[in-house]
Amino acid sequence: MTIPSIYDDIRPFEPNELPAVYKRLLANEQFRQVLAYLYPGVPTEAIGKKMTECKTCLDFQLAFCYKFLEELMAKASKGLDMDVKDVDVTKRYTFVSNHRDIVLDSALLDKLLYDAGFKTTCEIAIGD
């Protein structure tokens, strides 16, 4: 699906854009500090190599987000469940979330959808 250019500031990245995005992130000092916090003792170069191996947004989510979400849920909740018996994993859906935590809500929904057999994850937009 081609998203009109007026949404460039809030649209998801396309796979061909990811190498430049990774390069820009790895050059950002604040991002490097977050990496040092999340992955103590792991060289930034090793994380960068793993990032560049991710060719799609789903690859990135599985490599960096999935395990984090599992650990977060194990520490912060008694579990998370979604009834998908009436949801066809081959179709597309629109899910709407309140503004409690836009990124975490989407990330948790992504995990549940992936676990249920969806071959893609959510695309979120944050903005006016």
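The values are calculated or read from the model by the stated rules, or taken from the named source; none is laboratory data. Not measured: the values here are computed from a predicted model. Positions of Cβ are generated from backbone atoms using ideal geometry, with glycine treated the same way; all protein chains shown enter the neighbour counts.
Please determine whether any residue of segment 34-50 is among the hydroxyl-bearing types (Ser, Thr, Tyr) and surrounded by fewer than 12 Cβ atoms within 10 Å (Cβ to Cβ). Scanning segment 34-50, I find at least one residue that is among the hydroxyl-bearing types (Ser, Thr, Tyr) and surrounded by fewer than 12 Cβ atoms within 10 Å (Cβ to Cβ), so the answer is yes.
Residues that are more than 19 Å from the chain's Cα centre (by Cα) and either under 17 Å from Val21 (Cα atoms) or acidic (Asp, Glu) (or both) within segment 34-49 comprise Thr44, Glu45, Ala46, listed in sequence order.
Where residues in segment 57-91 are more than 30 Å from Leu25 (Cα to Cα) and of a type in the set (Lys, Arg), which of them is nearest to the chain's Cα centre (by Cα)? Talk me through it step by step, then tell me what you get.
Here is the first cut: in segment 57-91, the residues more than 30 Å from Leu25 (Cα to Cα) are 77-91.
With the extra rule that they be of a type in the set (Lys, Arg), the set shrinks to 78, 85, 91.
Numbers: Lys78: 22, Lys85: 24, Lys91: 20 Å.
If we take residues in segment 57-91 being more than 30 Å from Leu25 (Cα to Cα) and of a type in the set (Lys, Arg), then Lys91 is nearest to the chain's Cα centre (by Cα).
When Val87 is tested against (1) closer than 18 Å to Leu58 by Cβ; (2) in contact (Cβ under 8 Å) with a residue 24 or more places away in the chain; (3) among the aliphatic types (A, V, I, L, M), exactly one condition is not met: (1).
The residues of segment 1-16 that are closer than 17 Å to Gln61 by Cα and surrounded by 11 or more Cβ atoms within 10 Å (Cβ to Cβ), listed by number, are Arg11, Pro12, Phe13, Glu14, Pro15. Residues in segment 60-82 that are among the charged types (D, E, K, R) and under 22 Å from Ile124 (Cβ atoms): Lys67, Glu70, Glu71, Asp81.
For (1) at pLDDT 90 or above; (2) not small (Gly, Ala, Ser), each residue gets a yes or a no:
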position: Thr56; (1), (2): yes, yes
position: Gly79; (1), (2): no, no
position: Tyr93; (1), (2): no, yes
position: Val96; (1), (2): no, yes
position: Thr120; (1), (2): no, yes
position: Gly127; (1), (2): no, no
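Close Cβ contacts (under 8 Å, 6 or more residues apart or on different chains) running from residues in segment 34-60 that are assigned by TED's automatic domain parsing to the domain that holds Tyr22 to residues that are basic (Lys, Arg) and assigned to a helix (DSSP H, G or I) comprise Thr44/Arg32.
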